[in-house]
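Take a look at the structure set out below.
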Amino acid sequence: MRIQEHPILDFKQNNIIHFTYDGQAVEGIEGDTIASALHNLGIRKLSHSIKHHRARGFYCAIGNCASCNMIVNGLPNVRTCITKLEEGMVVKTQTDKGVLYEHV
Ligand code: FES
């Protein structure tokens, strides 16, 4: 769900950004973060807790909690709530703590 109209702010929602989420071709708009684009698509589960494998999603939305960590372009532990969406990004659900050097 997006805010379509606002009495003060102007939302330009013209430029479509194409990316993949767990292998599925999806779209966001220019200005989205990865998490906001996924939220708009109805995707609420972004990762799992490491110990109990409980679903994690949008929580603080300001980059403080790591609840939205995902694998982006092969790089684990990307805080998707503060990472701007870019054309062609490959976004995957993160199910473990992520090992940086396997992906670099
Ligand atoms: S939702 Fe807390 S860091 Fe992204």
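Tabulated data for the structure shown
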item: Portion, in percent, of the accessible area of the chain that falls on carbon or sulfur, probe 1.4 Å; result: 52 percent
item: For the chain, size of Cβ-based charge dipole, Lys and Arg +1, Asp and Glu -1, in debye; result: 560 debye
item: FRET E, pair ILE16, LYS84, Förster distance 22 Å, beta-carbon r, rounded to 0.05; result: 0.90
item: Table column - 3J(HN,Hα) (Hz), region 34-39, Karplus curve with 6.51, -1.76, 1.60, x for Gly and Pro; result: 4, 5, 5, 5, 5, 4
item: Positive-pole candidate from HIS18, ILE29, CYS68, dipole of the chain, charges at beta carbon; result: CYS68
item: Estimated inter-spin distance, ARG2 and ASN40, nm [label 7 Å along Cα→Cβ]; result: 0.3 nm
item: Separation of alpha-carbon centers, region 42-81 and region 14-28, rounded to whole Å; result: 18 Å
item: Ranked packing of 68-77, 15-24, 87-96, most packed first, by mean Cβ within 10 Å; result: 68-77, 87-96, 15-24
item: Ratio Rg/Rh, restricted to the chain and using Cα atoms, in which Rh is the Kirkwood radius; result: 0.99
item: Theoretical gain in end-to-end length, LEU100 to ASN73 [0.36 nm per residue, Cα-Cα removed]; result: 8.5 nm
item: Cleavage-rule hits (trypsin sites (Lys or Arg not before Pro)) in region 49-91: DSSP loop, at most 11 neighbouring Cβ within 10 angstrom; result: LYS51, ARG54
item: Integer Hz, Karplus 6.51/-1.76/1.60 couplings in order for region 67-77, x for Gly and Pro; result: 5, 9, 4, 9, 8, 10, 6, x, 9, x, 6
item: Residue-normalised accessible area of the chain, expressed per residue, 1.4 Å probe, Å²; result: 67 Å²
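The values are calculated or read from the model by the stated rules, or taken from the named source; none is laboratory data. Because the structure is predicted, anything quoted here is derived from the model rather than measured. FYI the Cβ positions are ideal-geometry reconstructions off the backbone, even for glycines, and counts take in every protein chain you see. Side chains included, ligands, DNA and RNA excluded: accessible areas come from the protein's heavy atoms. Shrake-Rupley method; radii C 1.70, N 1.55, O 1.52, S 1.80 Å.
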